[in-house]
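**Student:** Before I ask anything, let me first share the structure, which is written out below as structure tokens.
The values are calculated or read from the model by the stated rules, or taken from the named source; none is laboratory data. Just so we're clear, the structure is a prediction, and the values are computed from it rather than from any experiment. For neighbour counting, all protein chains shown are included, and Cβ atoms are generated from backbone atoms with ideal geometry for every residue, glycine included. To get the accessible areas, we keep the full protein, side chains included, count just its heavy atoms, and leave off ligands, DNA and RNA. Shrake-Rupley method; radii C 1.70, N 1.55, O 1.52, S 1.80 Å.
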Amino acid sequence: MIQKPLIIAFTVLSLLSCNDGKPRQKFLVDSTGIVNEVSVVLDNESWKGRVGEAIRDILAAPVYGLPQDEPLFNINQIPTSVFSGFITKNRTILKIELGKQASTQFLKNVYAQPQRVVVVSGMTKDEVISQLKEHGDGIVNTFKKIEIYEKQRLIKKSLYNSSFIKEKIGVDVRFPTVYRVAKDENNFFWIRKDVNTGTLNLMIYTLPKDKIMRNDSIINQIVTIRDSIGKAHIEGPTEGTYMITEYAYTPFQTETVLDGKPALETKGMWEVKKAFMAGPYINYAIEDNKNDRWVIAEGFAYAPSVEKRDYMFELEAIIKSIKIN
């Protein structure tokens with residue numbers, strides 16, 4: 001006869017081992033880490049040599065559209081021998097494995113969640129470097145997406161009530177309560193946040209579909225539009241001054257997707273006409289075919305004498321929270 005304690009123990013084990021026939025999910029702790037910091041797991045000698053240089057060329061490449069060179073990510077190198085325990089919980093990890101078959105693996109939630117771990121391996125250093133060069137863009141995009149997600153998660157902790165924008169133009173956008181509405185007129189919105197040496201700024205407005213045509217002059221069209229908007233809405237420190245595009249700095253443009261819709265991403269520098277003010281901007285023209293229009297969202301920063309990467313990253317994260325009705 002089976003004793004009662006044994007029956008209880010067997011029942012507990014059965015409940016732990018299954019869940020309606022589904023395998024029991026692995027319990028993972030919350031990931032940690034500073035936004036835009038990547039942990040690189042690699043021995044010290046390789047980090048100082050060609051492999052480390054190849055990694056820095058990818059992860060520490062300068063961000064386009066800033067007035068001074070700033071890296072895509074800050075890098076925290078961790079020797080392979082000490083990669084254990086709390087260190088493994090970092091949100092973004094690039095792990096290099098020498099002496100193994102050449103491959104690049106993009107893994108999710110290995111040691112914590114949310115987490116992205118990229119494992120690059122090769123029998124030799126040359127094979128590892130080859131893998132890094134082949135998959136460099138994918139590595140950057142993987143880490144950037146989860147960092148955008150993390151920034152948006154932090155923003156959600158204290159959200160400004162932006163329902164007035166949704167009510168007027170059908171655009172839902174999430175930004176923190178530290179921002180304020182500087183202008184709300186004729187379906188144009190200018191939202192600002194004070195920082196130590198200046199301000200972060202967000203503009204949202206709409207345009208008829210025929211205002212931007214997809215042809216060889218599309219960058220010039222975007223610049224012309226933002227200059228007209230700057231003249232009409234973004235005044236400078238004195239009468240007759242207003243924001244324009246800095247023509248000495250060639251804008252960079254690429255196709256992307258935002259809220260499941262095709263979008264044009266443009267990065268460049270702005271300045272104030274007849275005044276000594278300037279800074280970086282990132283502009284998204286979202287093709288809203290359902291409503292036969294373009295939704296324009298632009299972030300720009302004025303923060304002289306300080307680094308601006310994280311400021312622009314915050315504005316990008318806010319813009320990428322946009323949902324269009």
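**Student:** Send over a whole-number figure in Å² for the accessible area per residue of the range 175-325, probe 1.4 Å.
**Tutor:** About 45 Å² of surface per residue is accessible.
**Student:** How much accessible area per residue does the range 68-108 have, counting only protein heavy atoms and a probe of 1.4 Å, in square angstrom?
**Tutor:** Details: 2210 Å² over 41 residues.
Solvent-accessible surface per residue comes out at 54 Å².
**Student:** Loop-only GluC sites (Glu not before Pro) in the range 191-294, please: DSSP not H, G, I, E or B, and at most 14 other Cβ atoms within 10 Å.
**Tutor:** The qualifying sites are E239.
**Student:** Given a 1.4 angstrom probe, what's the average accessible area per residue across the range 132-174, in square angstrom?
**Tutor:** Per residue, the range 132-174 has 57 Å² of solvent-accessible surface.
**Student:** Turning to a different aspect of this structure: May I ask for the angle, rounded to the nearest 10°, between helix 309-319 and the longest principal axis of the chain, with both axes built from Cα atoms and the value confined to 0 to 90°?
**Tutor:** On a 0 to 90 degree scale, this one is about 90.
**Student:** Tell me which aspartates and glutamates have Cα within less than 16 Å of K209's Cα, excluding those fewer than 8 residues away on the same chain?
**Tutor:** E287, D288, D292
**Student:** Do the sum for the chain: with -39,500 (n - 2.57) for every DSSP H run of n ≥ 4, divided by all residues, what is the mean residue ellipticity at 222 nm, to the nearest 500 deg cm²/dmol?
**Tutor:** When only DSSP H runs of four or more count, the value is -9000 deg cm²/dmol.
**Student:** List the relative contact order of the range 282-325 as a percent without decimals, with contacts defined as Cα pairs under 8 Å and 6+ residues apart.
**Tutor:** The normalised contact order for the range 282-325 reaches 33 percent.
**Student:** Also: Within the chain, which is the longest segment containing none of the chymotrypsin sites (Phe, Trp or Tyr not before Pro) that sit in a DSSP loop and have at most 10 other Cβ atoms within 10 Å?
**Tutor:** Longest gap between qualifying sites, sites excluded: 28-275.
**Student:** Next question, about the same structure. Between exposed trypsin sites (Lys or Arg not before Pro) in the chain, where DSSP calls loop and at most 15 other Cβ atoms lie within 10 Å, what's the longest gap?
**Tutor:** Longest stretch, sites excluded: 101-213.
**Student:** In nm², what is the average projected area of the convex hull enclosing the Cα atoms of the range 168-242?
**Tutor:** 6.8
**Student:** Using a Förster distance of 22 Å, how high is the FRET efficiency between A61 and K261, based on the Cβ-Cβ distance and rounded to 0.05? Mind dumping the intermediate values first?
**Tutor:** Details: r = 28 Å, r/R0 = 1.27.
FRET efficiency, A61 to K261: 0.20.
**Student:** I need the fraction of alpha carbon pairs in the range 77-201 separated by more than 21 Å, rounded to a whole percent.
**Tutor:** Result: 58 percent of Cα pairs exceed 21 Å.
**Student:** Hey, could you grab the Kirkwood Rh for the range 125-260? Inverse mean 1/r over distinct alpha carbon pairs, Å, one decimal.
**Tutor:** Values: mean 1/r = 0.0543 Å⁻¹.
For the range 125-260, the Kirkwood estimate is 18.4 Å.
**Student:** Next question, about the same structure. When the accessible area of the range 240-312 is split by element with a 1.4 Å probe, what percent falls to carbon and sulfur?
**Tutor:** Within the range 240-312, the accessible surface is 53 percent carbon and sulfur.
**Student:** Whenever you get a sec, compute what percent of the accessible area on the range 87-215 sits on carbon and sulfur atoms (1.4 Å probe).
**Tutor:** Summing carbon and sulfur atoms, their accessible area is 46 percent of the total for the range 87-215.
**Student:** Then there's this: Hey, with R₀ at 30 Å, roughly what FRET efficiency would S158 and F83 work out to, going by the Cβ-Cβ distance, to 0.05? Kindly include the intermediate steps, with their values, before the conclusion.
**Tutor:** Details: r = 35 Å, r/R0 = 1.15.
E between S158 and F83, to the nearest 0.05, is 0.30.
**Student:** Which lysines have a Cα lying under 24 Å from the Cα of K151, excluding residues fewer than 8 positions away in the same chain?
**Tutor:** Straight-distance partners of K151: K89, K95, K108, K166, K193, K261, K267, K308, K320, K323.
**Student:** Further question: Could you give the alpha-carbon Rg of the chain over 2.2 N^0.38 Å, rounded to two decimals? The partial results should precede the final answer.
**Tutor:** On the way: Rg = 24.2 Å, N = 325, 2.2 N^0.38 = 19.8 Å.
So the Cα radius of gyration is 1.22 times the expected 2.2 N^0.38 Å.
**Student:** Enumerate the lysines that K211 could reach by cross-link, defined here as Cα to Cα under 17 Å, with residues fewer than 8 away along the same chain left out.
**Tutor:** Of all the lysines, those that pass the test against K211 - Cα under 17 Å, at least 8 places apart if same chain - are K290.
**Student:** Something else about it: Mind checking the dipole of the chain: about its Cα centre, +1 per Lys or Arg Cβ, -1 per Asp or Glu Cβ, Debye to the nearest 20?
**Tutor:** Working: 43 positive and 39 negative charges, 242 e Å.
Dipole size: approximately 1160 debye.
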